[in-house]
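I have placed the structure first, in the form of structure tokens, so that the comments after it can refer back to it.
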Amino acid sequence: MDEFNSLAPHNVPTSTRPLLGLTVLVVEDSRFACEAMRLLCLRSGARIRRADCLASARRHLQVYRPSIIIVDLGLPDGSGLDLIEELNRLTPRIGVILATSGDDGAEARAMAAGADGFLAKPVTRIASFQSMILARMPADRQPAGPRLLTEEEVRPDALAYRDDMAHAADLLGDDQNDRVLDYVAQFIGGVARSADDDQLERAAISLAETRRNGTPTRGDIARLAGLVQARLGERIAI
């Protein structure tokens, strides 16, 4: 039975917790971005589960069916677009399929793949998060009466950002083949954008541009690695 239509009375959505009784699967490799999603779900009444790659997401989906899935487009083992295309062909289909990314042009690609909507990173505003989901749900799943709108934003714990920096440091210390370099530039750039770390984001963009141009990357890698290590050395990462 569809989870939209099988809610117990005590899980009926309210004006302050409009996603009560629903489960969100977040497919996201960044702990910082996922912590923001966790806080948004908590404030909205939804349960959350996380998969950090395509393989993990597919394992989750073999066991249970979430009400909503939010898929980051840049994942360590491939593109989230592939998963969105797979999900869009499933019968019965997951109720709401959303894509998320901070890359220019990502929204058009996500919608073409079959996503119901797109969340541009950073995703921090509670009202926008709720509205994106509610607008794509059946009418009988809407909270009764007026919904309380707030301009409040969530603020993920800085420790989650530090966890992402530790992961980035590991990636920069591994064999730096083309695939790893492309992924690490995308990963660090996305995390830095979500955390408003402009200096780190610029360094990641520089590495990505150098890779596209086919020019030597040693200087960009060294600069990026130095910035990551500097953030790991700080008592508070952001």
In segment 28-44, whose amide N lies under 18 Å from the spot 7 Å out along Cα-to-Cβ of ASP170? List them in ranges. 28-35
Per residue and in Å³, how big is the convex hull formed by the alpha-carbon atoms of the chain? 126 Å³
Under a plain spin-label model, where a point goes 7 Å from the Cα along Cα-to-Cβ, how far apart in nm are ARG125 and ARG155? 1.9 nm
Can you tell me the FRET efficiency between ASN177 and ALA108 if r is taken as the Cβ-Cβ distance and R0 is 30 Å, rounded to the nearest 0.05? 0.55
In square angstrom, rounded to the nearest 10, how much accessible surface does ARG43 have for a 1.4 Å probe? 100 Å²
Separation of alpha-carbon centers, segment 23-38 and segment 56-107, rounded to whole Å: 12 Å
Inter-label distance, nm, simple model (7 Å from Cα along the C-beta direction), ASP198/ASP82: 3.7 nm
For segment 90-131, what ratio Rg/Rh do Cα atoms give with a Kirkwood hydrodynamic radius? 1.01
Quick one: accessible area per residue over the chain, 1.4 Å probe, rounded to a whole number of Å²? 49 Å²
Could you give the DSSP H helices of the chain that reach 18 angstrom or more along their long axis (alpha carbon positions) and whose average Kyte-Doolittle hydropathy is no lower than 0.0? 31-44, 158-173, 178-194, 218-233
Protein-only accessible surface order, largest first, of TYR161, TYR183 at 1.4 Å: TYR183, TYR161
Taking segment 63-200 and dividing mean pair separation by its residue count, relative contact order in percent (alpha carbons under 8 Å, at least six apart): 21 percent
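The values are calculated or read from the model by the stated rules, or taken from the named source; none is laboratory data. Note that the structure is predicted; figures quoted are calculated from it, not measured. All Cβ positions, even for glycine, are placed from backbone atoms using ideal geometry, and neighbour counts span all protein chains on display. All accessible areas refer to the heavy atoms of the entire protein, side chains included, with ligands and DNA or RNA removed. Shrake-Rupley method; radii C 1.70, N 1.55, O 1.52, S 1.80 Å.
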